[in-house]
1. Taking the stated definitions as given, is N93 open to solvent by 40 Å² or more (accessible area, probe 1.4 Å), part of a strand (DSSP E or B) and either touching a Lys or Arg at 6+ places or on another chain (Cβ under 7 Å) or of a type outside the set (V, I, T) (or both)?
2. What residue, among those in the range 692-708 that are assigned to a loop (DSSP other than H, G, I, E, B) and open to solvent by 50 Å² or more (accessible area, probe 1.4 Å), is nearest to I651 (Cα to Cα)?
3. Here is a list: V415, V440, V419. Which entry is among the hydrophobic types (A, V, I, L, M, F, W, C), touching a residue at least 40 places away in the same chain (Cβ under 8 Å) and either part of a loop (DSSP other than H, G, I, E, B) or touching a Lys or Arg at 6+ places or on another chain (Cβ under 8 Å) (or both)?
4. Which pairs turn up if I take residues in the range 335-363 that are at pLDDT below 95 and open to solvent by 50 Å² or more (accessible area, probe 1.4 Å) and look for partners that are in a strand (DSSP E or B) and of a type in the set (D, E) with beta carbon separation below 6 Å, at least 6 apart in sequence or on another chain?
5. (1) over 30 Å from K421 (Cβ atoms); (2) touching a Phe, Trp or Tyr at 6+ places or on another chain (Cβ under 9 Å); (3) of a type in the set (S, T, N, Q); (4) surrounded by fewer than 17 Cβ atoms within 10 Å (Cβ to Cβ): which one isn't true of S324, the others all being true?
6. Consider the range 530-552. How many of its residues are surrounded by fewer than 18 Cβ atoms within 10 Å (Cβ to Cβ), in contact (Cβ under 8 Å) with a residue 12 or more places away in the chain and of a type in the set (V, I, T)?
7. Given the structure, is S430 of a type in the set (S, T, N, Q), out of contact with any Lys or Arg (no Cβ under 9 Å at 6 or more places or on another chain), within 30 Å of S523 (Cβ to Cβ) and surrounded by fewer than 19 Cβ atoms within 10 Å (Cβ to Cβ)?
8. Any chance the range 225-246 includes a residue that's of a type in the set (G, A, S), under 23 Å from V175 (Cβ atoms) and either in contact with a strand residue (DSSP E or B) (Cβ under 6 Å, 6 or more places away or on another chain) or modelled with pLDDT under 90 (or both)?
Amino acid sequence: MKRYLLVLIYSLFLVVNCYSQMVVEPVHPAKNSLASIVQSLVGKGVEVSNITSNLPETSLAYGTFKDTTGRFGISKGLLLTTGSVYNVPGPNNSGGTTSANYTPGDPDLTQIVKPLVTHDATVVEFDIIPTVDTLVFRYIFASEEYQEFVGSAYNDVFAFYISGPGIPGKKNLAVIPGTHIPVAINNVNHQSYTQYYIDNGSGTGGITGDVNLQYDGFTTVLKARIPVIPCKKYHLKFVIADTQDRNLDSGVFIEAGSLGAEPLTSGNIILDDNYDVCNNNLPILTAGNSYGATYEWTLNGNPVGGNTRNHQVTESGLYGVKVSRGPDCYWTDSVYVNVSKDFDLQVSNDTIICHGTSANLSASVTGAENVQYMWAPAESLSSPDSPNTIATPDSTTTYLITAHSGSACIQTAAVTVQVDKPIDIEVFASKTQICEQDTVQLWASGNDSYTWSPADVLNDATSPAPIATLEETTTFTVVSKNNCFDDNKSVTVEVYEKPEVKAFGDTTICYGGSAIISAEIISGKSLSIQWTPKEEVLQISSLNTVASPLVSTPYIVKASNPVCYDEDTVFINVLPEVRPKIGANTLEEEVPFTTTLHNVSSGITEFVWTLDGDTIYEHSPVLEVNEEKQYKILLKGVNQLGCVAYDSLTIVGYKLFIPNLITPNGDFLNDSFEITTLGTQWNVEIYNRWGNLVYKKFNYRNEWSAEGQSEGVYYYNLYNPVNGRKYQGWVQVIK
């Protein structure tokens, strides 16, 4: 599907032309006739006649162009379009410029693009008689179809057809160099034969190209070239057309003066009417090749040289050549060669100035006169186009002088003016506090040369980054100078005495014990003390302290000042834990009873029992409980290393009294079911006379007062889970 397009209003054409510096003029019978346009294409060695077009001389589709920017590649010539010449000037500010001429297509071009069709054809054709054996001209193809429609059916096409002697049928000269492929949008673009393509922007969103042209893309300057038979008549047909639809313009630009023989050259340079050279490099002029022709060279109208294509320039003058294949078949060309004298250029020496002052620069030549001078950069010079000038640069600058004798003899030289500016150096140290005998890196910046002091502690007193090894606090001063100014800065490095500490107190302790650990300061002042690990240390910042580890532990003492430190280690070995353990058959019982005290300890070699105040040395003694009281049992355990630990136990003896009458009337006498010397734990269940459970309590503490119950007889169950004893009976409740 083809594009929606913006139609340009012709009233804007004048503004576009002025802005773009691409000047166009349509064909006009009086102002810009077709005959004059074609004649402007003619160069050396050709004649044209029978000039025709398929369009009237009032058409906007063709005319002339002139590029005043020098960026297009061709300065002027014939312009053929598929729309209007007024759509050609830039800038490229539209993505789809179009004018339709509603002319038919061209049958020759249709053969190139078939099965597609062509529209809006513009044709200019004429007869030509060359006097040389090679015919050339230069051109550029451009289009709005770039880049969006590359590879599509909208492949706008053009051709340069030649027919005549030695050429079967019609031959298209508009082909990619070195191939037989026609130059067209689908053949030369940003993806194919890119060396011949120039992107000129999309024309949308402010994206424009460097060339003042409305078309989105165009080819480089291409050359059409074909061998011909001199002095025979040929027919040329220049034609361009839209393909498939009439939208989006294309154009072909044919260079004025390029249609004809290859003109005089020097090396690869095509010569204009005037040619400047230097006498140290005189060129050889070369005429266009014409096999079997004779060459006649002249200098200022006088015959010189022999019958060759090449002629050596020897002096200034008008050089001419006549290339002949017969008395009526020849062409001529000429060029004025201006030979300038070479020379030697001398300049003043490099110099150094202080910031804010000036330097005199001078240049002179020997071997030539009327030499022109130009110094650069010119901004800080009093007279940049004089051999002698005054330079006032703000910073160090190299001035290049170019001297011209004519336009071809050129010599260059350079003078550097070094500008010494006021110095403002910066200085700093990698560390401003160090230990004695440590090193510190110093740095200075802001200039190129430095002198440090004191120098005797530095590895290089002239380095911008010396290394110092210090034994005492030192202030370093660095001085920096240039030819005009100096500056100095200082930095102080504080040196601390390196401390030495010694730890004491390696020992072995029993589990749960403590040990004194100590430290002594051998050297150093104003030191802070720190013991680690600190969790079991009584005073972590004291030289003498107490440690109570539960496992064997190394203790590190660290003595430090703000920069340096020393440390030493003391080790406390902790013996395994002594674990005496008492077991008993009975812990609580109604007296009298006996119970065996079981020694279930581990790691113990000595046992000492204290049984209710008596000392016993048996392994597992028997305790007789005859009194209603608590018996305190203590077991002291000692291992083979002398470490001591203890375990204790209480045996309870009691006499049980269970009442068979309670009177819960609030007089605080027999108000509850109170069992005396109840011991550590009893569980109680109470039932009424019908066997219903009315009360139940674990770990009973004489709380039941028959609350909510009637008078009568109740039955109880007592159970001691400690010793397994059980009691059953009854109790009378009177309220």
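1. Judged against the criteria, N93 is not a match.
2. Step one: list which residues in the range 692-708 are assigned to a loop (DSSP other than H, G, I, E, B), which gives 692, 698-708.
Remaining after also requiring open to solvent by 50 Å² or more (accessible area, probe 1.4 Å): 692, 698-699, 701, 703, 707-708.
Details: N692: 36, F698: 21, N699: 18, R701: 20, E703: 25, E707: 35, G708: 38 Å.
Checked the range 692-708; the qualifying residue nearest to I651 (Cα to Cα) is N699.
3. Going through V415, V440, V419 in turn, just one is among the hydrophobic types (A, V, I, L, M, F, W, C), touching a residue at least 40 places away in the same chain (Cβ under 8 Å) and either part of a loop (DSSP other than H, G, I, E, B) or touching a Lys or Arg at 6+ places or on another chain (Cβ under 8 Å) (or both): V440.
4. What qualifies is N338/D276.
5. (4)
6. So the count comes out to 3.
7. Yes, satisfied.
8. Keep residues of the range 225-246 that are of a type in the set (G, A, S), which gives 241.
Right, trim to under 23 Å from V175 (Cβ atoms) and you get 241.
Adding the requirement that they be either in contact with a strand residue (DSSP E or B) (Cβ under 6 Å, 6 or more places away or on another chain) or modelled with pLDDT under 90 (or both) leaves 241.
There is at least one residue in the range 225-246 that is of a type in the set (G, A, S), under 23 Å from V175 (Cβ atoms) and either in contact with a strand residue (DSSP E or B) (Cβ under 6 Å, 6 or more places away or on another chain) or modelled with pLDDT under 90 (or both).
The values are calculated or read from the model by the stated rules, or taken from the named source; none is laboratory data. Since this is a predicted model, take the numbers as computed values, not measurements. Here Cβ is always computed from backbone atoms with ideal geometry, including for glycine, and neighbour counts include all displayed protein chains. To get the accessible areas, we keep the full protein, side chains included, count just its heavy atoms, and leave off ligands, DNA and RNA. Shrake-Rupley method; radii C 1.70, N 1.55, O 1.52, S 1.80 Å.
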